[in-house]
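Data first, discussion second: the structure below is written as structure tokens.
The values are calculated or read from the model by the stated rules, or taken from the named source; none is laboratory data. Treat the numbers as computed from the prediction; the structure is a model and nothing was measured. Cβ sites come from the backbone with ideal geometry, for glycine too, and all protein chains shown count toward neighbours. Heads up: the accessible areas ignore ligands, DNA and RNA and are worked out on the full protein's heavy atoms, side chains in. Shrake-Rupley method; radii C 1.70, N 1.55, O 1.52, S 1.80 Å.
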Amino acid sequence: MSDIGKSITQFIIEQQRVHKNSTGEMSGLLNDIVSACKKISHLVNRSGIIGIGGAAESENVQGEVQKKLDIITNDVMVDHLKWTGHLAAMASEEIEEIIQIPANMPKGQYLIAFDPLDGSSNIDINLSVGTIFSILRCPEGVTNPTVEDFMQKGSEQVCAGFCVYGPTTMMILTTGQGVNGFTLDRDVGEFILTHPNMTIPEDTAEFAINMSNQRFWEAPVQRYIEECVQGMDGSREKNFNMRWVASMVAEVYRVLTRGGIFLYPLDSKPTTQGGKLRLLYEANPMSFIVEQAGGVSSTAYQRIIDIKPEGLHQRVPVILGSKNEVERVMRYHKEK
Ligand code: AHM
Ligand code: MG
């Protein structure tokens, strides 16, 4: 029987039953995240009407001007996750230090790192934004986690997912057994399984990169993009199309749906040296999802989920998507 049409609640509980020793804590945590994302979807949808669009008067730890919704959605995530007893600590793009569970609340065995509103520069122009999250196990015996406890490789993730607030609100989820996509049915307030077993085609003719950074790229990326742009007239003898939404959730969703390659490579811009995207709550969860869907995710030199993190807000170059294209870019770097 097809699983399409199943609610995310049923899906999560059925997955839990497959694991014999499961305590149900992960299912509980996923349900908390689902509730938070439904609330965020509602707020994003109504932001213009209730006057929460536009910039706030603050900057986050990365020195980026915050949107009002960056702050509000961060609070929604923290408020939904801090009291249910499933987490030992949290880390957010918007907060410099880790977020501890209040002393009067029970603690659980998981850690979460999240970007509450990815692509928030798109909010005021009504393009897709999203929430990204990565779940790690809290090291055994640790009751008061520190930053060090979050410094786990992406390959240690037990679950990763993201929500896209676009024409429809979608939740994409992996627990290491493939990738499934759910669409929010607003009438009943449930995410419904609409995209089971998402897989990324190995080949593609679509690339995504911010071309305005071209002069800052390294030679192998210059070469790869130049060949795509030359299309039929160049060495690839094939025409490529290009997209750049400036919202990683939308780009990765597109790659999961019809293939493609997404690049935010190493560049020599003073503001993004070492890459732009953050390892813990952007690159790692997206890489886990992409690999689970049959794609590849690399810095061009190294598999992203093999990186040992050194900081909560560490940035890395990201090249992910259809296997044959990502491997080609990696090969160009090796040849260099
Ligand atoms: P954010 O988390 O502050 O929104 O930044 C991350 C976003 C990604 O979603 C997107 O891929 C990238 O930044 C776009 O950057 P740029 O504006 O340099 O093209
Ligand atoms: Mg982000």
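Brief remarks follow.
- Restricting D75, D124 to residues that are open to solvent by 30 Å² or more (accessible area, probe 1.4 Å), out of contact with any helix residue (DSSP H, G or I) (no Cβ under 8 Å at 6 or more places or on another chain), more than 15 Å from ligand 1 (Cβ to nearest atom) and not in a strand (DSSP E or B) narrows the list to D75.
- The residue that is farthest from F11 (Cα to Cα), counting only those in the stretch 21-72 that are hydroxyl-bearing (S, T, Y) and part of a helix (DSSP H, G or I), is S47.
- Filter result for the condition that a residue is over 20 Å from L43 (Cα atoms) and of a type in the set (K, R), over K107, K67: K107
- G119 vs. criteria open to solvent by less than 30 Å² (accessible area, probe 1.4 Å) and more than 19 Å from Q62 (Cβ to Cβ): no
- The residue that is least open to solvent (accessible area, probe 1.4 Å), counting only those in the stretch 242-271 that are within 13 Å of ligand 1 (Cβ to nearest atom) and either outside the structural domain of E227 (by TED's automatic domain parsing) or modelled with pLDDT under 95 (or both), is D267.
- The set of residues in the stretch 82-92 that are open to solvent by 10 Å² or more (accessible area, probe 1.4 Å) and either more than 27 Å from K68 (Cβ to Cβ) or within 16 Å of ligand 1 (Cβ to nearest atom) (or both) comprises G85, H86.
- Of all the criteria given as (1) in contact with a helix residue (DSSP H, G or I) (Cβ under 9 Å, 6 or more places away or on another chain); (2) open to solvent by 50 Å² or more (accessible area, probe 1.4 Å), the one not satisfied by K323 is (1).
- Only one entry of I12, I4, I33, I40 meets the criterion of being touching a Gly at 6+ places or on another chain (Cβ under 8 Å) and either within 26 Å of T175 (Cα to Cα) or outside the structural domain of L127 (by TED's automatic domain parsing) (or both), and that entry is I33.
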